[in-house]
């Protein structure tokens, strides 16, 4: 049984300020240093309930400020036990925040560190893909707040470098994504390691039946906080849909970025190969771009993200696995070069822009084969899109040849694989292992030559007659029984030999 929170004041009513929640002067000082004065709706509802020690089920769109909604009251509650002592025993793990991805864990850790900067509380983050030694040293030195991904946390539990026996508060952030990534068994193991008496906070983009079932398994009469209708997209985000031929999508993205003079944009791709290929195409077009996906090492992904935040990279091409949980302020635009296979991922993608009351643009490209995906998205968010056409990229009619075909060119490998329905990047089962580099299949070992044809190059395969393997004739050759083969002493000419071997090649 979930208790629905009554309507309370929101940021639109100026009388509500962070000071009204009874937060510590040290916390208010940290908020003031970051320019925060009024809480967002999720913060205005969650902070007082968490301060009461109640369990919470919170649903809010990405970018609504839910991290502060749970981290600020957690810091306030833990200040009662805060100690300036250097003894690790005086700094046990009292709050555990679980996130599905490394990037989100790092973002939450940055926020917690910023909000607690003027307090004696210690916090750290642990996730896979990096060396465990520095994490182990920090955990053994003692921390009150641990932000972690499930797989790496269990690694530390197995190594006995973290003790959760005194944990008072458990937070599951992006719970729906953790279930999607297959973390349910890990979550159950972690819950079994915690004290029975504790406060449980769970935040999710949606309240699916699976999420409700998970909440019922470990929460105690939680207060339900929902600041936006389920699967709603941000009202301040302008959504544009362009119908594009499949083999023109990459060029269309480059055109949109040039024409709109976009300087900070995330482009979503369904595949790792597609993300890398598009980033290279944009680089060749003079756009500073980088790709982040599951095959990039954690160091590479974090470096690319930091460069993007600093403006050194203008375009970040990402898969859903890598982009979930990215906290980037003032992002003006996102582009879907591929529509997501899961309609709910569309809500998460466009939630990257239009954050914290700002406006934003979400541009999606789709081809004829993507019509079903677009309809699924419309059903989910209850919006009927206007199908538009991008100038210079009007899709050809069925049976009409593309411009490339008219020039005698073939689509490159990335486009051919995409048109065949290339498999999308699957969420990793655990973040413990990571590989680097993209697999690129080597070109076939065939001989070819270029033949100029009015400025374009047409590739033709050379098929030497003398390299053909011997193939017996399908039709049997009958020889009369009384046929006599007379020996000859004359030397056959080269033309006769060639005729016997299948004919001379035409010059």
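The numbers here are math on the coordinates, done by the rules we state, and not lab data. The model shown is predicted, which means the values in this text are computed figures rather than measured ones. So basically every Cβ, Gly included, is an ideal-geometry build from the backbone, and we count neighbours across all protein chains shown.
Let me check against my output: what whole-number percent is the relative contact order of the range 3-226, with C-alpha pairs under 8 Å and at least 6 apart?
Values: 381 pairs, mean separation 61.6, N = 224.
Here the relative contact order equals 27 percent.
Taking neighbour Cβ counts within 10 Å as the exposure measure, how do 309, 160, 29 sort from fewest upward?
Numbers: 309 16, 160 8, 29 13.
Fewest-to-most ranking of 309, 160, 29: 160, 29, 309.
Using the beta-carbon distance between residue 255 and residue 306 and R0 = 30 Å, what value does 1/(1 + (r/R0)^6) give for FRET efficiency, to the nearest 0.05?
On the way: r = 28 Å, r/R0 = 0.94.
The pair residue 255/residue 306 has a calculated efficiency of 0.60.
Neighbouring Cβ atoms within 10 Å as the yardstick, rank 144, 110 fewest first. Walk me through the numbers on the way to the answer.
Numbers: 144 27, 110 14.
Ascending number of Cβ neighbours within 10 Å: 110, 144.
Got a sec? How would 365, 380 order by Cβ neighbour count within 10 Å, fewest to most?
Values: 365 26, 380 18.
So the ranking, lowest neighbour count to highest, is 380, 365.
Give me the extension gain from residue 359 to residue 220: residue separation times 0.36 nm, minus the current Cα-Cα distance, reported in nm with one decimal.
Numbers: separation 139, 0.36 × 139 = 50.04 nm, distance 3.78 nm.
Stretched out fully, the residue 359 to residue 220 stretch lengthens by 46.3 nm.
Between residue 280 and residue 391, what FRET efficiency comes out of the Förster formula 1/(1 + (r/R0)^6) with R0 = 22 Å and r the beta carbon distance, rounded to 0.05?
Step by step, r from the Cβ atoms, then E = 0.30.
At 7 Å along the Cα-to-beta-carbon direction for both residue 371 and residue 114, put a label point, then send me their distance in nm to one decimal.
4.6 nm
Quick one: if you stick a label point 7 Å off each Cα along the C-beta vector at residue 240 and residue 159, how many nm between them?
Each label point lies 7 Å from its Cα, and together they span 4.9 nm.
Per-residue counts of other Cβ atoms within 10 Å, averaged by peptide: what ranking do you get for 97-106, 274-283, highest first?
Details: 97-106: 24.4, 274-283: 22.3.
Most protected by this proxy first, the peptides run 97-106, 274-283.
Quick one: length gained pulling residue 37 to residue 212 fully straight, 0.36 nm per residue minus the C-alpha distance? Please report the intermediate quantities before stating the final value.
Details: separation 175, 0.36 × 175 = 63.00 nm, distance 3.33 nm.
In short, 59.7 nm is gained.
Apply the a/c threshold of 1.5 to the C-alpha gyration tensor of the range 47-197 and tell me whether it is rounded, prolate or oblate.
Details: a/c = 1.40, a/b = 1.04, b/c = 1.35.
Cα axes put the range 47-197 in the rounded bin.
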